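First up is the structure itself, then whatever we jot down about it.
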Amino acid sequence: MDLFDILLSASFWAAAIRIASPLIFATLGELICERAGVLNLGIEGIMVAGAFAGWIAVWAGLPLWGGVAVAMLTGMMLGLVHSILSVPFGLSQHVVGIGLTLLATSLTFYTYRVVLPEVSSPPKITAFQPYEIPLLSDLPLVGPALFSQTPLTYAGFILAALTALVLYRTPLGLAVRAAGENPAAVAAQGLSVTAIRMGAVIVGSGFMAVGGAFLTLSAFDSFFFDMVNGRGWICIALVVFGAWKPGKAVMGAILFAAFDALQIRLQQTGIGAVVPYQVFLMLPYFLSILALVVMSRRAEIPAALMVPFNKGER
Amino acid sequence: MRLEPIAAPSPARRIVPPLLALLATFAVATLLALIAGGYPFAVFGLIVKGAFGSKFALLETLNSATPLIFTGLAIAVAFRAKLWNIGAEAQLYAGAVLTVVLGTGALGLPAYLMLPLCAIAAMFAGATLLLGPALLKTRLGVDEVVTTLLFNFIFLLFVSYLLEGPLKDPMGMGWPKSARLLPEARLPRLVEGLRLHWGFGLALIAALLVWVINTRTTLGYEMRAVGQNAEAAGFAGIPVTKVILKTALLSGGLAGLAGFSEVSGLKGALTLDLSPGFGYTGIVVAMLALLHPLGVVVAALFVAAIFVGADSMSRAAGVPSYIADIMLASALLFMVLAILLTKFRVRRD
């Protein structure tokens, strides 16, 4: 199978959309945080916690959407921790984020061992099944790729549209964007920068956790320790690549996922017989760095990103 | 609420919040131990016993503290200049790789040159690995947190390739493992008969050297100035870019030494589980030490004691050893908050 065949196959694009889905949720979450002026490096740990929380909730008997809700709440709680430390106290967002990732990851692993002390391999759940949207799924190429996904993938695209709508078409979105560009102006309007930023971090963290839960509830049907595997860090790069805009970020996630799907398929071709498989696995990370480098000059960073706001201080 | 700087903090102001942070950490651990069905005092007792209870335990703690001193120093040096090096894990492995290449006799070095050259090569490898992200930061303004983090994944895959390919031990029964170092490439024991290697001694020396650099040299002063306010430092005539690059070399070099010390002092060969996250734990060590190089030694011993102690506690009490990781992560978060509260007063408005 050569490159051309791969790129024209529906199964390839279906895989790309599937791989993109958790990234879309988490990238949107990070984007909301950063738009309000807070870099959330807790993302990797929040995704791990979300993956576990959603899965264990379903394993304990909740329906799948209940699992998604539990993951979201878990992420929001972790987001609350981040936002208290990073917003009113204005602590270093780098340190708080890395600390939160370490905390969320270790809490997850601890809980896993407490809940499932004796298991050698984690139990499986019945994950979300693909749902073929009538008529649309019959379209050639696009049908099987876009419209035969699991409900959680559709939810990701709806969420992206909603995020864009709220950010650009509502007073709330304006307030969030202004908190990340010119917090003093927001305060002058009588709005609380602290409340806006905390809210953005809490909601954004909830989205990240759902991104994690996609892995256990839709992409796979079980939880593994190294499951998230740097996806959170990749999402941080995707936010930059998407120039802090939801639509571009989603396109970036799909493009990135397409490369990921491609490297998996290339491993099985003649190239894969010559090039060590590790090189293929490195590609997504290299691609993220490349995206950061290419976009670094062009992107318009929110002016007050990583700048704590203390009222009464000019 | 808003924060109001305190002009002259009283001694109580400076001591009470950090103490409360430690208490809060133990409160979290107590709660978790209870959830897991352990008796908190028994759990803490077992942790202390596991870390210090016997000569063997104590030496194990000192050995475990060694790489953490190196990575803690690496992070402390970088963070002090606000260079966010989260890639100490990869830099450690880079140091380990070059140590293995030279130490298995690739260059046929004379015995008396072996150890110094391995150490220098390890520093070079670690420093080179951080130089890339540092250049991307200074030249293009790319955030080094993400690049150094991503490099951790890339470099571990590279090590995995090396261990299955060029560096694979032909006698290794198919395991991804390097050949063992030559005897002259092994760090000797610190005291004959005790299971503690010279890596620990080197780590102490390194801490002392970093302390001297920080307090007694122009570079130390410049790194601090760049960390406090890069713009002002540039305005005052400090070559900010150069200082950041020098910081990167020093930080990466120290992390590389951690890899050298682990391979040459402890393991004798390279495997993919050489470091269970020493690079990340170094961040906690450095923060608990308030980025002070001598404090790093104390913090590394504390952190190593919790890890070693929790490991043996876990076997005895059935409480998962991840409790150690949770304690450290919460200690980090509580401590940064506590330090803020030593300098600022919280006012309601």
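The values are calculated or read from the model by the stated rules, or taken from the named source; none is laboratory data. Predicted model, so just to flag it, every value in this text is computed and none were measured. Heads up, the Cβs are rebuilt from the backbone with ideal geometry, glycines too, and the neighbour counts pull from every protein chain shown.
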Among (1) within 14 Å of another protein chain (Cβ to nearest Cβ); (2) crowded, with 24+ Cβ neighbours inside 10 Å; (3) over 30 Å from residue B:8 (Cα atoms) - the single one residue B:332 does not satisfy: (3)
Any hit, the stretch A:288-297, residues being at pLDDT below 90 and more than 14 Å from chain B (Cβ to nearest Cβ): no
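Residues are listed down the side, and each one gets a yes or a no for (1) under 13 Å from the mean Cα position of the chain (by Cα); (2) of a type in the set (Asp, Glu); (3) within 14 Å of another protein chain (Cβ to nearest Cβ):
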residue: B:256; (1), (2), (3): yes, no, no
residue: B:264; (1), (2), (3): no, no, no
residue: B:298; (1), (2), (3): yes, no, no
residue: B:317; (1), (2), (3): no, no, yes
residue: B:327; (1), (2), (3): no, no, yes
The stretch A:291-307, residues that are in contact with a Gly (Cβ under 7 Å, 6 or more places away or on another chain) and either closer than 24 Å to residue A:90 by Cβ or surrounded by fewer than 14 Cβ atoms within 10 Å (Cβ to Cβ) (or both): A:302, A:304, A:305, A:307
Hey, residue B:133 more than 30 Å from residue A:92 (Cα to Cα) and either more than 14 Å from every other protein chain (Cβ to nearest Cβ) or crowded, with 19+ Cβ neighbours inside 10 Å (or both) or not: no
Residue A:143, sole failed condition from (1) under 30 Å from residue A:230 (Cβ atoms); (2) touching an Asp or Glu at 6+ places or on another chain (Cβ under 9 Å): (1)
Wholly enclosed helices (runs of 4 or more DSSP H) of the stretch A:207-282 bearing at least 2 residues of a type outside the set (Val, Ile, Thr) and in contact with a Leu (Cβ under 9 Å, 6 or more places away or on another chain): A:231-241, A:246-266
Test: residue in the stretch B:82-96 that is within 14 Å of chain A (Cβ to nearest Cβ), of a type in the set (Asp, Glu) and touching a Ser or Thr at 6+ places or on another chain (Cβ under 9 Å): yes
Helices (runs of 4 or more DSSP H) contained in the stretch B:229-306 and holding at least 3 residues of a type outside the set (A, V, I, L, M) and surrounded by fewer than 22 Cβ atoms within 10 Å (Cβ to Cβ): B:230-235, B:240-261
Filter pass, residue A:127 being small (Gly, Ala, Ser), part of a helix (DSSP H, G or I) and more than 14 Å from every other protein chain (Cβ to nearest Cβ): no
Cβ-Cβ under 9 Å pairs, at least 6 apart or on other chains, the stretch A:1-14 side under 18 Å from residue A:142 (Cβ atoms) and free of Cβ contacts under 8 Å to residues at least 40 places away in the same chain, far side surrounded by fewer than 16 Cβ atoms within 10 Å (Cβ to Cβ) and aliphatic (A, V, I, L, M): A:9/A:1; A:9/A:141
Pairs with Cβ under 8 Å, 6+ apart, first in the stretch B:26-39 and within 11 Å of another protein chain (Cβ to nearest Cβ), second surrounded by 21 or more Cβ atoms within 10 Å (Cβ to Cβ) and charged (D, E, K, R): none
Some residue of the stretch B:136-151 being within 14 Å of chain A (Cβ to nearest Cβ), under 16 Å from residue B:93 (Cα atoms), in contact with a strand residue (DSSP E or B) (Cβ under 9 Å, 6 or more places away or on another chain) and surrounded by 18 or more Cβ atoms within 10 Å (Cβ to Cβ): no
Members of the stretch A:93-124 that are hydroxyl-bearing (Ser, Thr, Tyr) and within 7 Å of chain B (Cβ to nearest Cβ): A:106, A:110
So residue A:133, is it surrounded by fewer than 17 Cβ atoms within 10 Å (Cβ to Cβ), outside any helix (DSSP H, G or I) and of a type in the set (A, V, I, L, M, F, W, C): yes
Filter pass, residue A:257 being within 30 Å of residue A:182 (Cβ to Cβ), touching a residue at least 12 places away in the same chain (Cβ under 8 Å) and either surrounded by 15 or more Cβ atoms within 10 Å (Cβ to Cβ) or within 14 Å of another protein chain (Cβ to nearest Cβ) (or both): no
Scan of the stretch A:110-130 for residues that are out of contact with any Phe, Trp or Tyr (no Cβ under 8 Å at 6 or more places or on another chain), within 30 Å of residue B:318 (Cα to Cα) and surrounded by 17 or more Cβ atoms within 10 Å (Cβ to Cβ), ordered by number: A:114
Residue match in the stretch A:267-279 (condition: under 25 Å from residue B:134 (Cα atoms) and aliphatic (A, V, I, L, M)): yes
Residue selected from the stretch B:5-23 under the condition within 13 Å of another protein chain (Cβ to nearest Cβ) and surrounded by 14 or more Cβ atoms within 10 Å (Cβ to Cβ), by the criterion farthest from residue A:99 (Cα to Cα): B:17
Spans of helices (runs of 4 or more DSSP H) in the stretch A:1-60 with at least 1 residues under 24 Å from residue B:146 (Cβ atoms) and touching an Asp or Glu at 6+ places or on another chain (Cβ under 8 Å): A:10-35, A:43-59
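If only one of A:152, A:73 is part of a helix (DSSP H, G or I), within 30 Å of residue A:306 (Cα to Cα), more than 14 Å from chain B (Cβ to nearest Cβ) and at pLDDT 95 or above, which one is it?
Values: A:152 fails: within 30 Å of residue A:306 (Cα to Cα).
Step by step, each of A:152, A:73 is checked, and only A:73 is part of a helix (DSSP H, G or I), within 30 Å of residue A:306 (Cα to Cα), more than 14 Å from chain B (Cβ to nearest Cβ) and at pLDDT 95 or above.
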